[in-house]
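S.K.: The structure that follows is given in the form of structure tokens.
The values are calculated or read from the model by the stated rules, or taken from the named source; none is laboratory data. Remember, predicted model here, so these are calculated numbers, not experimental data. With ideal geometry, Cβ positions are generated from the backbone for all residues, glycine too; neighbour counts draw on all protein chains shown. Protein only, heavy atoms only, side chains kept; ligands, DNA and RNA dropped before computing areas. Shrake-Rupley method; radii C 1.70, N 1.55, O 1.52, S 1.80 Å.
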Amino acid sequence: MPGAGYYIARRGVVLLVSYVAIIIIIAAILELSGYATQIYQAVINELVRADVDALVKARQGQVDPAYIQEYRQNRTIEYMKQYGLIDENGNPVPSYVRMWKLAFNALTFNFGKTKEDLVAMVVPTMPPASITYIISVVLPRTIIVVTVGELIVVAIALLVGPRIAYRHGTFLDRVVVAYAALTSAIPLWWLAMLFIRVFGYQLGWFPTSLRGVTTPLNNFWSNPAQNFVTILWYITPPLTVFTVISLGGWLYGVRAMVLRIVREDYVMVAKAKGLPERDITRKYVMRPSLAPILTNVILALAGTLGGMIITESVFDWPGMGTLYYAAITTGDAETIVALFVIYVGVYLIARFILEILYVLVDPRVRVR
């Protein structure tokens, strides 16, 4: 019978094939649907209009209309070549050719450069800017807020959740259930706005815009101690809001998973034997709960790398969510695909890590 190594290798191949298929589907949706072409045309029209306006302004309006028309046509052709809508001979490039080119570039991590000001200014830098560079700068900003916040929440939930499950029906248990219900009803972005209003504008304890964090982040090693304190001052508001909102759901989720195990007969027998609560929690409760808890933790951490579009906009935090928003609103297909490639890749890596952990924590996981 095949062992754990064969099982893990097979799951890895399946996830790799899924990764390639997802990237091809994304490229097909963007190109074959005509969405990317429409966006390119709109962007080209705006660029040509800006060029014509600059030409007329430079010559103080003394430009022959025929020359303007010819200039407009030449600039349009030039931009269409840049965006890959036509080849060097002026012939239209079929959408399926652009689709495969986009998919191949994505799979080889050749994301190219963005020409969009809004996308480049997330870093900030000036276009054309390397998409790989932009993501490499923006991703750590999301990690130090959203991912770190998720780790804090998970640590608290794993520490407190099992103890709450042991006290099912008590006042503390009711408080946690009410807290989870309340936080699930409050939008994260709304609490962020309230936090900024109270602690930013009224009390002045924290900055009202977090865009300034780019300076200590980019120059961190020039003065590590001072820059660390400055970064901590900037990230405290989003970390606090994220923890307050997310903790309720995690506490309730861990409580529910552990509560099912606590009621099992073998746990009752362990209690009847008078075993210490710490030993019962570690050996009889947490180990059977590891699989679902690990699933939630690993996938949640992977999901944090996508950022939070609305909340980052409220805090003016230049993270992955802000980059997503800039790429979508400008129709930057290359950046959109690059973000999908990164996010899907992280998700599938997380799934592969889970497959390995399943084998380690549950020996019953085998090929059937």
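S.K.: Under a straight-distance cross-link criterion of Cα-Cα below 16 Å, which aspartates and glutamates are reachable from residue 273, leaving out those fewer than 8 residues away in the same chain?
M.R.: Partners within reach: 264, 265.
S.K.: Then there's this: Sort 215, 295 by accessible area with a 1.4 Å probe, largest first.
M.R.: Result of the area sort, largest leading: 215, 295.
S.K.: Apply the Karplus curve 6.51 cos²θ - 1.76 cosθ + 1.60, θ = phi - 60°, to the phi angles in the range 33-42 and return the couplings in whole Hz, x for Gly and Pro.
M.R.: Here the 3J(HN,Hα) series is 6, x, 4, 4, 4, 4, 5, 4, 4, 5 Hz.
S.K.: Same structure again: Set the Förster distance to 41 Å, then compute FRET efficiency between residue 33 and residue 136 from the Cβ-Cβ distance, nearest 0.05.
M.R.: 0.90
S.K.: So for the range 29-71, Kirkwood radius off the Cα pairs, Stokes-Einstein at 25 °C and 0.890 mPa s: how many µm² s⁻¹?
M.R.: D, rounded to a whole number, is 206 µm²/s.
S.K.: Give, in nm to one decimal, the length gained when the segment between residue 181 and residue 58 is fully stretched (0.36 nm per residue of separation minus the Cα-Cα distance).
M.R.: This chain segment gains 38.1 nm when fully extended.
S.K.: If you don't mind, there's one more thing I want to ask. Extending each Cα 7 Å along its Cβ direction at residue 329 and residue 316, get the distance between those two points in nm, one decimal.
M.R.: Between residue 329 and residue 316, the simple spin-label model gives 1.4 nm.
S.K.: Among 266, 201, 79, what's the order by accessible area (1.4 angstrom probe), most exposed first?
M.R.: Putting 266, 201, 79 in descending order of accessible area: 201, 266, 79.
S.K.: Also, quick follow-up: P(r) for the range 77-138: what percent of alpha-carbon pairs falls in each 5 Å bin, starting at zero?
M.R.: Going out from 0 Å in 5 Å bins, the range 77-138 shows 4, 18, 19, 20, 20, 13, 5, 1 percent.
S.K.: Per residue, how large is the accessible surface of the range 271-330? Use a 1.4 angstrom probe and give square angstrom.
M.R.: For the range 271-330, the solvent-accessible area averages 46 Å² per residue.
S.K.: I'd like the FRET efficiency for residue 168 and residue 91, computed as 1/(1 + (r/R0)^6) with the beta carbon distance as r and R0 of 56 Å, rounded to 0.05.
M.R.: 0.20
S.K.: Provide the gained length on full extension for the span residue 194 to residue 221, in nm with one decimal, where the gain is 0.36 nm per separating residue minus the Cα-Cα distance.
M.R.: 6.4 nm
S.K.: Considering all projection directions equally, how large on average is the shadow of the alpha-carbon convex hull of the range 192-322, in square nanometres?
M.R.: The orientation-averaged projected area of the Cα hull of the range 192-322 comes to 11.0 nm².
S.K.: Considering only protein heavy atoms, with the full assembly of protein chains and a 1.4 angstrom probe, order 172, 102 by accessible area, largest first.
M.R.: Accessible-area ranking of 172, 102, largest first: 172, 102.
S.K.: Could I ask something else about it? Label-point separation (nm) for residue 243 and residue 264, each offset 7 Å from Cα along Cα-to-Cβ?
M.R.: So the two model labels end up 3.2 nm from each other.
S.K.: Whole-Hz Karplus ³J(HN,Hα) for the range 309-326, in order, using 6.51 cos²θ - 1.76 cosθ + 1.60 and θ = phi - 60°, x for Gly and Pro?
M.R.: Per residue, the Karplus-derived 3J(HN,Hα) values read 4, 5, 5, 5, 5, 5, 7, 6, 8, x, x, 5, x, 5, 5, 4, 4, 5 Hz.
S.K.: Can you return the lysines within cross-link range of residue 101? Criterion is Cα-Cα under 19 Å, with same-chain partners fewer than 8 residues away left out.
M.R.: 81, 113, 115
S.K.: Measure off 7 Å from each Cα along the Cα-to-Cβ vector at residue 45 and residue 121, then give the distance between these two points in nanometres to one decimal.
M.R.: Output for this residue pair reads 2.2 nm.
S.K.: Distance from a point 7 Å along Cα→Cβ of residue 101 to each backbone N in the range 73-94: keep the residues under 18 Å and list them by number.
M.R.: 76-94
S.K.: State the Kirkwood hydrodynamic radius of the chain in Å, one decimal place, computed from all pairs of distinct Cα atoms.
M.R.: About 24.4 Å for the chain.
S.K.: Leaving out ligands, DNA and RNA, and with a 1.4 Å probe, what % of the accessible surface on the chain is carbon or sulfur?
M.R.: On the chain, the fraction of accessible area on carbon and sulfur atoms equals 65 percent.
S.K.: If the cut-off is a Cα-Cα distance under 16 Å, which lysines reach residue 57, setting aside same-chain residues fewer than 8 apart in sequence?
M.R.: Correct list for residue 57: empty, as no lysines qualify.
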